[in-house]
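Presented below is the structure to which this report refers.
The values are calculated or read from the model by the stated rules, or taken from the named source; none is laboratory data. Keep in mind that what you see is a predicted model, and the values were worked out from it rather than measured. Neighbour counts run over all protein chains shown; Cβ positions are idealised from the backbone, glycine included.
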Amino acid sequence: MSKRVAIIGIGTTGFRATTPDVSYRELTYEAAMKAYLEARIEPKDVDSFVATSEDFFEGYSIADEYSPDQLGAVLKPIYTIPGDFIHSLASAYMMILSGIGPISVVQGLSKASNMLTLSEMVTFAMDPIYNRPLKESPHAVAGLEMARFMYETGATREQCARVVVKNKRNALNNPYAGHGVLIDTDYVLNSEVISYPLTQMDISPHSDGAVVVVLAEEETAKALCDQPIWIRGIGWCSDTPGLETRNWGEAIYAQMAGEMAYKMAGIRYPRKEIHFAEINDEFSYKELQHLEALRICKKGEAGPLTEIGGTEINGEFPVNPSGGNLGVGNLYELNGGLKVLEVVRQLRGEAGKNQLKNMTTGLAQSWRGVPTTTGTVVILSN
Amino acid sequence: MEITEKMVAKTATKLSADEIQKGKVLSVKWTPKLKYAWDNGPAIGRYLAELKNGKIIAKKCDKCHRIMIPPRMFCELCWVPTGEWIYVQDTGIVNTWVVSYVDWKATRLDIEGGVRPLTPAVIEIDGASKGMGILHHLNDVDPWKIYRGMKVKAVWKPPEERTGAITDIKYFKPIK
């Protein structure tokens, strides 16, 4: 790679279950203003903008049209990606490398609390001919996957519950997180059954919030920023969507997205060369499944590693020091943004009580949620 | 085209509208239940609350000095937080308008049967900056006698019927 690209500014509102005091416009404006201040730029300095939104989630057709104002992107090159935040990050990264200009901005937003029929909205993502007439809950799809994953790897409900306990505890020390709580594994195991083996506490609750990131190519980054965080590798991948034909035990999409990012970053042994990870944990078992897909753990190893505390903040390989989706919330299209935010804070040494030591490289991974088989990965270094 | 015609001749069955309507052609139907409740935020929230009071409120940008409706918490052009709230008039002039023979569902109106065509218009509001306005209906006027620059005034719903919505103004009508 001839040119390097860095994150030179990041801004967020933090994440809360509801945000009745502000519209999506003010949410994004706050995050954007903080990101631009950090990067020492104004919107006029930005060469391209990438917004992230899903029309059904926003409740607007062509929600793209409502993106420019609050980013300062009126009459500037901007488009919207209806995918994960890290898809948008990849797009902005490519725009810089392709010579559109040295500075690019990525935006992501969640107003999940404004969706009154959230479950129906997720059901609407299922195939209208094969699946929807059966009227299964979207959580049943997660339960099916959890059951198969546990069967194939020997992971236990207790190990999944440990993920919940750890992430919700980490969230207590993250000022941006809205769902932190101190609980034990029994509390998780005895919570209301949703789609056995999946219980209420295995499911991440939704949150609202915004994240804006400023990217710059190497020379600009060094001129503007004392602590650039470099994008070393980025990858994305989608598996076949069929609920009948997909691989239910393994997250192949995460594996392939990870391998794409590893190849770009020149990483051969992720467990050694990467020091911590922010992993999609929209459901407790997903953290374990994704860790194995990314070769951070061998198949069947993520559960036992979690059980002995290996993924705790002071563990051998810390996972989700932010509190993850379980502790911060399910942010839908913005889920990748939460992961990138925490990796950047850690690499800059700004993670407060959850600050990790002796690390230089982190991985952020996201998933598009039920019923998708789409994943994204980015590897960042300071 | 030739290939398509050959395929149709060999493999396809021609269908009539009747066969589709009577359900002889298999299909799957789904009506999504999508409901939202959007948080207005301070700017739109105040705008709607003032409409309920029978007033139109704007917000001023201290940098470009535009008085903007609908009000917003930041100026999208100057990228600064906006300043003071300013009441503007409920009168204005027609910027652009249309005489529409179809409604929002694209259903044709029975114009020959005496239905009045719809006349949506953009109204530049007095007291707000040039180009700032409200999209609304014109009424109490012959659709063919509307003109650019025509002076109009809001016709409000009675206070007890207002809900804090753009429809608290029923329509705009011409004034001298």
If you go through region A:304-312 one residue at a time, do you hit one that is among the aliphatic types (A, V, I, L, M), at pLDDT 95 or above, buried (at least 17 other Cβ atoms within 10 Å of the Cβ) and under 20 Å from the mean Cα position of the chain (by Cα)? no
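One line per residue, one yes/no per condition, for (1) assigned by TED's automatic domain parsing to the domain that holds A:D186; (2) surrounded by 22 or more Cβ atoms within 10 Å (Cβ to Cβ):
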site: A:N131; (1), (2): no, no
site: A:L144; (1), (2): yes, no
site: A:E152; (1), (2): yes, no
site: A:T156; (1), (2): yes, no
site: A:C160; (1), (2): yes, yes
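Out of B:P71, B:P81, I need the residue that is at pLDDT 95 or above and closer than 20 Å to B:D168 by Cα. Which one?
Details: B:P81 fails: closer than 20 Å to B:D168 by Cα.
From the options B:P71, B:P81, the qualifying one is B:P71.
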Filter region A:181-234 down to residues that are in contact with a Leu (Cβ under 9 Å, 6 or more places away or on another chain) and among the hydroxyl-bearing types (S, T, Y) and give me whichever is farthest from A:E145 (Cα to Cα). A:S207
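To keep it simple, each residue is scored yes or no on (1) more than 23 Å from A:E292 (Cα to Cα); (2) surrounded by fewer than 22 Cβ atoms within 10 Å (Cβ to Cβ); (3) not assigned by TED's automatic domain parsing to the domain that holds A:M95.
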position: A:A147; (1), (2), (3): no, yes, yes
position: A:D184; (1), (2), (3): yes, yes, yes
position: A:L198; (1), (2), (3): no, no, yes
position: A:A221; (1), (2), (3): yes, no, no
Pull out all pairs, ordered by first then second residue, where Cβ-Cβ is under 9 Å, the residues are six or more apart or on different chains, the first lies in region B:18-35 and is farther than 30 Å from A:L118 by Cα, and the second is of a type in the set (S, T, Y). B:I20/B:S27
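One line per residue, one yes/no per condition, for (1) charged (D, E, K, R); (2) in contact with a Leu (Cβ under 9 Å, 6 or more places away or on another chain); (3) buried (at least 16 other Cβ atoms within 10 Å of the Cβ):
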site	(1), (2), (3)
B:I123	no, yes, yes
B:A128	no, no, yes
B:G131	no, no, no
B:H136	no, no, yes
B:V155	no, no, no
B:E160	yes, no, no
B:K176	yes, no, no
Within region A:164-217, residues being without any contact (Cβ under 8 Å) to a residue 60 or more places away in the chain, of a type in the set (G, A, S) and assigned to a strand (DSSP E or B) number 1
Subset tally (residues that are under 20 Å from the mean Cα position of the chain (by Cα), at the interface with another protein chain (Cβ under 10 Å from one of its Cβ atoms) and not in a helix (DSSP H, G or I)) for region A:116-135: 0
Top-ranked residue in region B:17-47 [being assigned to a loop (DSSP other than H, G, I, E, B) and more than 7 Å from chain A (Cβ to nearest Cβ); ranked as modelled with the highest pLDDT]: B:T31
Just the residues that are out of contact with any helix residue (DSSP H, G or I) (no Cβ under 8 Å at 6 or more places or on another chain), surrounded by fewer than 22 Cβ atoms within 10 Å (Cβ to Cβ) and more than 12 Å from every other protein chain (Cβ to nearest Cβ), please, taken from region A:17-64. A:K34, A:E38, A:D64
Failed item, numbered, when A:L71 is tested on (1) at pLDDT 95 or above; (2) hydrophobic (A, V, I, L, M, F, W, C); (3) surrounded by fewer than 16 Cβ atoms within 10 Å (Cβ to Cβ): (3)
Kindly indicate whether any position in region A:294-317 is hydrophobic (A, V, I, L, M, F, W, C), under 28 Å from A:S91 (Cβ atoms) and out of contact with any Pro (no Cβ under 8 Å at 6 or more places or on another chain). no
